[in-house]
1. Give me Ser93, Ser175 ranked fewest to most by other Cβ atoms within 10 Å of their Cβ, as a rough exposure proxy.
2. Based only on other Cβ atoms within 10 Å, what is the fewest-to-most ordering of Leu213, Leu157, Leu205?
3. Can you tell me the Rg and Dmax of the stretch 24-112, counting just the alpha carbons, in angstroms?
4. Under 12 Å from the Cβ of Ala209, count the other residues' Cβ atoms, weight Lys and Arg +1, Asp and Glu -1, and hand me the total.
5. Ranked by Cβ crowding within 10 angstrom, fewest neighbours first, how are Phe223, Phe242 ordered?
6. If all Cα-Cα distances of the stretch 82-232 are sorted into 5 Å bins from 0 onward, what percent lands in each bin, rounded to whole numbers?
7. Could you compute the longest span of the chain free of trypsin sites (Lys or Arg not before Pro) located in DSSP loops and having at most 12 other Cβ atoms within 10 Å, not counting the site residues?
8. Give the relative contact order (percent, whole number) for the chain; include only Cα pairs under 8 Å separated by 6+ residues.
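None of the figures in this text is laboratory data; all of them are computed from the coordinates on show. In this text the structure is predicted, and so the values were computed from the model without any measurement. Cβ placement follows ideal geometry from the backbone for every residue including glycine, while neighbour counts extend to all protein chains displayed.
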Amino acid sequence: MTLPENSVLVEARNLPSHVGIIMDGNGRWAQQRGAPRVDGHREGSKAVRRIVRAARRLGLRALTLYAFSEQNWERPEGEIDALWTLLREFLMSERDELLDNKIRLNAIGNIGRLPGLVRAVLDPLRRETEEEKAEMTLTLALSYGGREEIAQAAQKLARDVAAGKMRPEDVNHESLRAQMPSLEFGDPDLIIRTGGERRISNFLLYGLAYAELYFADVLWPDFESTDLYAAVASYQARERRFGRVGKPAPLLPDAKPLRLVG
Ligand code: FPP
């Protein structure tokens with residue numbers, strides 16, 4: 001069987017259950033075309049649509065997209081307004097697609113800070129899709145920050161200790177993680193960042209302790225389903241050890257042991 005040139009082989013077993021994506025590069029995509037940054041975000045929202053479909057087809061259980069960080073509020077007002085308009089349009093146009101494909105919509109972050117025009121579509125859609133027996137949960141991280149999430153979880157436990165509801169020694173990584181909305185559907189197994197930078201930018205900090213990281217040079221608006229498959233195939237080729245000892249890496253057939261001098 002000959003496969004199309006751009007095809008990627010993904011195994012049906014050993015799929016990551018939860019994938020998080022830092023969608024970076026919209027601004028540069030627009031800049032390369034001499035277009036306003038907003039054009040990059042518009043093209044980026046088309047990429048969101050195709051990657052959600054691809055993730056569902058692949059059989060992922062949870063997909064978390066970093067759509068707006070707590071720090072993104074520092075951007076020019078016009079860009080922020082355009083992002084919220086695009087998000088609203090996305091939510092309105094994808095409603096049936098989400099329901100038909102058993103995708104539950106979830107949101108994490110400082111949702112109370114979002115403009116009313118976004119909440120007006122986000123909140124009902126969250127409720128509507130919650131009723132479905134979901135096959136995949138799509139979480140949008142909106143006004144989200146990993147450090148902020150950790151601080152809030154710590155605050156909640158501190159209040160419980162102060163109120164005598166729990167003992168200080170019960171503050172541990174399990175009780176902390178139980179307070180983190182980003183981990184409701186499990187720790188992320190794979191974090192993808194597009195756009196060429198190699199950093200985490202305050203995304204899912206607590207949950208990514210043992211996540212595999214995948215950095216793609218392609219800008220988010222150009223990220224195709226085959227790029228997602230390539231990231232998943234890369235994940236499948238790795239050995240996750242969670243701090244334990246794993247199988248020793250096989251030596252190449254003709255490899256000689258290295259002699260270290262010093
Ligand atoms: C980062 O690119 C991207 C964002 C801050 C926003 C992501 C938003 C979308 C993909 C569109 C709307 C979202 C949804 C869910 C429909 P950047 O602007 O930092 O790019 P740059 O690093 O090239 O400047």
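1. So the residues, fewest neighbours to most, are Ser93, Ser175.
2. Working: Leu213 13, Leu157 20, Leu205 17.
So the residues, fewest neighbours to most, are Leu213, Leu205, Leu157.
3. 14.0, 39
4. Within the 12 Å Cβ shell, the charges total -1.
5. Listing Phe223, Phe242 from fewest to most nearby Cβ atoms yields Phe242, Phe223.
6. Reading upward from the zero bin: 2, 8, 14, 16, 19, 19, 12, 6, 3, 1, 0.
7. Looking at the chain, 34-132 is the longest stretch - no exposed trypsin sites (Lys or Arg not before Pro) with at most 12 other Cβ atoms within 10 Å.
8. Result for the chain is 28 percent.
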